[in-house]
1. Would you mind telling me the antiparallel percentage of the DSSP bridges in the range 18-81, rounded to 5?
2. Test of understanding: what is the full-extension gain from GLN98 to VAL122, defined as 0.36 nm times their sequence separation minus their Cα-Cα distance?
3. May I ask you to order 78-86, 143-151, 187-195 by the average number of other C-beta atoms within 10 Å around their residues, highest value first?
4. Rounded if a/c is under 1.5, else prolate if a/b beats b/c, else oblate: with a ≥ b ≥ c from the C-alpha gyration tensor eigenvalues square-rooted, which is the range 24-144?
5. Please rank THR137, THR184, fewest neighbouring Cβ atoms within 10 Å first, as an exposure proxy.
6. Could you grab the relative contact order for the range 87-187? Cα pairs under 8 Å, six or more apart, rounded to a whole percent.
7. Of all beta bridges DSSP finds with both residues in the chain, what is the antiparallel percent, to the nearest 5?
8. Report the net charge of residues surrounding ALA94, where surrounding means a beta-carbon distance below 15 angstrom and charges are Lys +1, Arg +1, Asp -1, Glu -1.
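Each value in this text was obtained by applying a stated rule to the coordinates, not by laboratory testing. Quick caveat: nothing in here was measured; it's all calculated off a predicted structure. Please note: Cβ atoms are built from the backbone with ideal geometry, for glycine as well, and neighbour counts cover all protein chains shown.
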Amino acid sequence: MIQISPSILSADFSKLAQEVAAVETGGAQMLHIDVMDGHFVPNISFGACVVASLRPVTGLLFDVHLMISDPLRYAPSFAKAGADMITFHYESCADPQQTVDAIRQLGCKVGMAIKPGTDVSVLDPFLPQLDMALVMTVEPGFGGQKFMPEMMPKVGYLRQWAQAHDSKLWIQVDGGIDRNTARTAAQAGADVLVAGSAVFGAADRGEAIAQICASAAEGWKAV
Ligand code: DX5
Ligand code: ZN
C-alpha cells in the first residue's frame, strides 16, 4: 500500500495546526517532520517543542526526519515529544548501530536515511532491523528542489531486498515528489512518499494528496 507523508517544512508555520488538519482530512497517513540543525545540513528548521505542540492535535503517525549531527543525543527528546518513527542519517553518526538500538529502546519505529552521494549498500547490515529505509532524492536541507531520478536504482535495490527477505520494510523517497515523479518512485519500488511543496503549495491539499497517491498507485502496479 502506498502511503503519503506530507512534509510540514513547506506548510504555513503561522497556522500549523490547521495545515496538519488539512492533510489529515485530505487522506495522508503520516506527517513528515523535517528537523534541521544548520550543521549536518545548511538550514535550520525546528525542534522537539514543535513536535510536542502538534501531538495533541492529530492522530497522524509522526515521521520525524532528523537531519542533524549526533542524532543519538537528541532522539530521546523527540520520542518524548511524540515521534512515532525516528529516521536518522547514516552519514550523521559514528555508530549507526548504537543509534538504531537507542531509538528502538525509546519505543519508536526506526528509519535510516542516505544522502544522494551515499551508496545504498551501506544500509545492508541494518536492513533486517529497520522499519524504514529513506532514499533522499534531493540533497537534504531545503524543500522545493528537483527530483533526482538517478536515485531510483537504490529504491529498486531495497525493493528487491525486501521481496527476497519477505520483509515489510517501508521504502521512503523524499525530495521533489509530485504527481509525475510519484509514479516513477513507486514504479521503482517506493511505498512511502514524502511531499512538501507539492502538497502545501497546492490550493487544495486533499486534492494534491489524492493526485500523488493515484499516480503512485499506477506506478506501483508495475512493481
Ligand atoms: C529536504 C527534506 C524534505 C523536503 C521535501 O531536505 O528532507 O522532506 O521537505 O520537500 P519537497 O517535497 O518540496 O521536495
Ligand atoms: Zn525529509
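1. Around 10 percent antiparallel, to the nearest 5.
2. 7.1 nm
3. 187-195, 78-86, 143-151
4. In terms of gyration-tensor shape, rounded.
5. Sorted ascending by nearby Cβ count, the order is THR184, THR137.
6. Relative contact order of the range 87-187: 25 percent.
7. In the chain, DSSP labels about 5 percent of beta bridges as antiparallel.
8. -3
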